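Everything on this sheet refers to the single structure shown next.
Every read-out reported here was derived from the displayed coordinates using simple, explicitly stated rules and does not represent laboratory data. Keep in mind it's a predicted model, so treat the numbers as computed, not measured.
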Ligand code: PMP
């Protein structure tokens, strides 16, 4: 049958040529592939939470503005409540930003490699995407980026710092240079900032084009799906128009309110992950065949002699890490999330067996 009358032709070529973000479902008991926290709430915390959730009226819509939750976030961050917008994961906020910004050049600038959803979402929504390769230290190539800003005038620039999958923070002076040079939206994605302890939120005072993105996914609540945008109120006012009503369900609103009322629950676990990160860094560096890149996040990017075979070998040992397919700069790289002490020990023992000294 000819393709001409096919319903597929009604879907723009740009959409058809994009590969979906895929998360392979491989069953391993040690899961170090998703940059999640290895720690769930304790049993007694879950019990307290479930008592609270049991009181939710499920026949009613959630608070469409999630005002109580945004007010708690405003209190804990010191940021005005009308500059805070919530999403069903930061993925959703990325999508809304790409929907709303795009009024001038229709172009989006992203570094490479970085979190792939910036590119995928932008292409699906009909934007032109320019990728500027990071330099040899995985920092921003500032000359090339400034040149692209001059020639293409991107409506949006996405900068994840710490960057996924490289793990490093970008140089602050380069990020600020970009904020100065561009009058498009500069989205600084701080998904991993709890592990780097660096934030750009204070710069929103100075730069009206700065949007800061956060998520609860890396600190123990990936299943809750909650992303947070901090920006000037006149920006969140516009972005909010593209947000679907009731995008944060009642359960998620209540879980996060509970988390904010009990901040020590999360802080203690971030401390554990940071300690484990340093211990794992030392252990990985002792394995000669593995090149461990510096990280400020809750994961390591490593380069190994043959990433595909190590990936498979680790699966046989019941350990799942993240691999990258066909991506130049990431050839033979794997990304390993910091797990619990026991999980990290299991990983190190497996690696020592695979790469005996
Ligand atoms: N930004 C970055 C840099 C990420 O690595 C991820 C998740 N891998 C996200 C955003 C999406 O997070 P969420 O679970 O909040 O949608």
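Before moving on, here are some points about what is shown:
- For the stretch 162-261, relative contact order (Cα pairs under 8 Å, six or more residues apart, normalised by length) works out to 19 percent.
- Computed over the stretch 67-124, the percent of Cα pairs more than 15 Å apart is 59.
- Prolate/oblate/rounded call for the stretch 25-120, Cα gyration tensor, a/c under 1.5 rounded: oblate
- Seen from a random direction on average, the alpha-carbon convex hull of the chain projects onto 20.8 square nanometres.
- Length-normalised contact order of the stretch 216-350 in % [C-alpha pairs under 8 Å, at least 6 apart]: 18 percent
- Rule-of-thumb Rg ratio for the stretch 202-333 [Cα; 2.2 N^0.38 Å; N residues]: 1.40
- Across all directions, the average projected area of the convex hull around the alpha carbons of the stretch 287-336 is 3.7 nm².
- Per residue, the chain reaches -11500 deg cm²/dmol at 222 nm when only DSSP H runs of four or more residues are counted, each adding -39500 (n - 2.57).
- Percentage relative contact order, the chain, counting C-alpha pairs under 8 Å, at least six apart: 23 percent
- Euclidean distance of C-alpha centroids, the stretch 46-64 and the stretch 92-131, integer Å: 35 Å
- The three principal axes of the C-alpha atoms in the stretch 91-136 carry coordinate ranges of 33, 23, 13 Å, sorted with the longest axis first.
- Mean projected area in nm² (Cα convex hull; one quarter of hull surface) for the stretch 104-220: 7.0 nm²
- Pairs of alpha carbons in the stretch 270-357 whose separation is greater than 18 Å (percent): 38 percent
- Between the alpha-carbon centres of the stretch 282-307 and the stretch 136-178 there is a gap of 23 Å.
- Principal semi-axes in Å for the stretch 145-187 [√(5λ), Cα gyration tensor, largest first]: 19, 11, 9
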